[in-house]
Structures are given as structure tokens and as C-alpha cells.
1. So which residues in region 72-92 are open to solvent by 60 Å² or more (accessible area, probe 1.4 Å) and part of a helix (DSSP H, G or I)?
2. If you check every pair at least six apart or on different chains, which have Cβ atoms under 8 Å apart with a residue in region 125-151 that is farther than 21 Å from E80 by Cβ first and a residue that is among the β-branched types (V, I, T) second?
3. Just for region 101-148: of the residues that are surrounded by 14 or more Cβ atoms within 10 Å (Cβ to Cβ) and not in a helix (DSSP H, G or I), which one is nearest to the chain's Cα centre (by Cα)?
4. Filter region 37-69 down to the residues that are touching a helix residue (DSSP H, G or I) at 6+ places or on another chain (Cβ under 6 Å), open to solvent by 40 Å² or more (accessible area, probe 1.4 Å) and among the aliphatic types (A, V, I, L, M) and list them by number.
5. Within region 70-90, how many residues turn out to be in contact with a helix residue (DSSP H, G or I) (Cβ under 6 Å, 6 or more places away or on another chain) and farther than 20 Å from P111 by Cα?
6. What are the residues in region 32-71 that are over 19 Å from S112 (Cα atoms) and assigned to a loop (DSSP other than H, G, I, E, B), if any?
7. How many residues, within region 1-31, are surrounded by fewer than 17 Cβ atoms within 10 Å (Cβ to Cβ), in a loop (DSSP other than H, G, I, E, B) and in contact (Cβ under 8 Å) with a residue 60 or more places away in the chain?
8. Tell me whether region 76-88 contains one or more residues that are more than 24 Å from M1 (Cα to Cα), at pLDDT 95 or above and polar (S, T, N, Q).
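The values are calculated or read from the model by the stated rules, or taken from the named source; none is laboratory data. Keep in mind it's a predicted model, so treat the numbers as computed, not measured. Using ideal geometry, Cβ is built from the backbone for each residue, glycine included, and neighbour counts are taken over all protein chains shown. These area figures cover heavy atoms from the full protein model, side chains too; ligands, DNA and RNA do not enter into them. Shrake-Rupley method; radii C 1.70, N 1.55, O 1.52, S 1.80 Å.
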Amino acid sequence: MHALETRLGYSFHSPALLENALYHSSYANEHRGAGIGSNERLEFLGDAVLEFCVSDMLYRKYPDFHEGALTARRAALVCEHTLSVLARQLDLGEYLYMGNGEDANGGREKPSILSDAMEAVLAAIYMDGGYEAVKPIILKMYAEEEKLLSWQVKDGKGALQEYTQG
């Protein structure tokens, strides 16, 4: 866990929060008798914390952007693909607790699992240290915003809609 804290740039006051963020539902299901819960509740909170922080960042960074442009940019920055890229940069998959079947099926590399775990970890930081603790971590993760956006798979329908509205 210490290595992950170092990568995140955050030391937990309550390491149990980080541990809970790393419990995939498949692991929790295999260990029901031990009272282990999955990271799904933290994922729920992390999604909101991340959206708020990225929204605030974009609002301040792009004062001339209209709502639609801000919304599209935020959606691209908080989507599964982007979050899985960020999770891979942290080697988050290697720290996940998952069930034997999920692990055998490549769960540590699945974008949906990585992105969910990334949200859960951000929520754990938020719960441990508050918004002032998680905000600089999120801002650091998104410091290379343009690079993250350049890796997006282009959505043909969305591109056509942008073109016709432009």
C-alpha cells in the first residue's frame, strides 16, 4: 500500500479507506464471511468528487467556453477510457483485490474495473482528507489535459453534431 500512496502523493490517516477502495466486488463476493465490502460505494462518491473538481478546473481555465463545450470536455476527461489511462499510469491494477475468476480473465487490465477503482481511490482520499486533499491530486492527474484528450477515441456522431452546431 505504501508504494501506491507514494504514487498518489498522499499518505492515508486511515489506510482502511484505501484498502476498501481496492476491493473489487468479485473479491468481496468470494469473502462474504469475512465481512469485506466492495469499492462500489466509494466509486459512487468518487464519480461525483471527480466531476466536481474537473468541472471547477475547466470553468476557471476556459472562461470563454460555453456550457456545451465545457460539458463535452468534462465528459471526455472523466470517461472510462481516460480514467483507465490514469489508473494504468499508477499501476492501480496491481493493487486490486479481485476474485480468482475475474483475475484469471484479465480483470486487472479491464478499463471498466480500472476506471471504477480510480474513482474509488479518489473517494477514499476525499473521505480521509477532504476536498483540499483530493483536489491537488486530481489537478496533477489532469495537468496534461490536452494529451489525455488526444487519446480519446473519436465519436463520429458527436463529431458530426459538433460540426453542424459550429
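1. Hits for region 72-92 are R74, E80, H81, R88, Q89.
2. Y131/V49; A133/I125
3. Here the answer is Y142.
4. Listed by number, the list holds a single entry, L45.
5. Adding up the residues that qualify gives 1.
6. Those that are over 19 Å from S112 (Cα atoms) and assigned to a loop (DSSP other than H, G, I, E, B): G35, I36, Y62, P63, D64, F65, H66.
7. 4
8. no
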